[in-house]
Structure formats: structure tokens, C-alpha cells
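First the structure, in the form of C-alpha cells, and then the observations on it.
Just so it is clear, none of the values below were taken in a lab; they were calculated from the coordinates. Because the structure is predicted, anything quoted here is derived from the model rather than measured.
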Amino acid sequence: MRILEGNITRLRAVEPTDADLIYTWENDCSVWQMSNTIAPFSKHIIEQFIETAQQDIFQAKQLRLMVDKTDVNSSETIGTIDIFEFDPLNSRAGIGILIAKETDREKGFASDALDVLINYCFNTLLLHQLFCNICHDNISSINLFKNKGFELIGIKKDWIHTSEGWKDELMFQLVNQKWGEM
């Protein structure tokens, strides 16, 4: 297995040719709540982001990887997976994942990509812990992260203001020694 390749996905660096895809996904207001976004991004901003995405994670303190689903016939980019709030001093980082099309969800792609990213974070970046924040009603994401051994460590009450009202945000954590025991 290559370092960033799973059974059905491959994680790869962002390329300039990904600009249109990222532009589309970042401007999809149906996922803004999950990424704390409240305004659209310009194509120019996306292109600048891609230019800086080539920085070392130790400089940028974040890393975005594209998620490609792989099979014997083709490869298609279906989402992104991010490392953010990278803190090398305390050996931790936040992670988030987007599988863009609903038709690609619930098929194991997020699970496979997350396995690859966790392995990369713990065995290449040598991080001690990972965390993620998930809205309380995002049951698929909660189950995904719990199935990887992430534990609920806190609830931020009324944290996210939506048109439907206030929502709680759950914080999950995975400490490295637990990953090896799975």
C-alpha cells in the first residue's frame, strides 16, 4: 500500500486543475454549516489557496488533500480531507472530510480516506492526537468518527446558529495509543 492510498480511495495533493471543483464545493451553501462558512469564495481566492497549498504543513499549519475514489477502470475526485489547526508543539491537529456528492456517501469512501489520513497523521506526522467538531444532527459523521475510535469529549451548547435555530456542536478526540489497539 502506498502511503496515502487506501483500499478504495487515494489522497493526493491539490493541483491547479482542481480549482473549478474546489470552487464548486466551497460555494455549495448546503455544506457551509459544517465548515463554518457564511459567504461564497471567489475563483481568485481559490486559485490563491491552491498556490499556498503547496506549502509545507509546518509552515501553513494546515493541509488539504483531494480524495479520489479508485477502481480498476477510473479515478474520480469525490471530496477533500483536511488537517487544520496543526499544532506540532502539542502534537495535535483537527481533521475534517467532505464527500461532495450525496450519491458517493455511505459507500465506504469517507471511512477508507479517514483510515489513510489517520495513519498519515500518526505514523508520518507523528501526532499524538486528532480532533474533530461535528454538528449534533450529522449522524453519519458522528458514526464515521466513532467507528474509528474517536471519543466524545465535549458538547458546545447552542454553538451553531442556523435558520432552524441553535444546534450543539460535538467535539471528538482520538489519542494515538488507541489507534494502534484497533
Counting only Cα atoms, I'd like the Rg/Rh figure for the chain, Kirkwood definition for Rh. 0.94
Given only helices, namely DSSP H runs of n ≥ 4 each adding -39500 (n - 2.57), what is the per-residue ellipticity at 222 nm of the chain, to the nearest 500 deg cm²/dmol? -8000 deg cm²/dmol
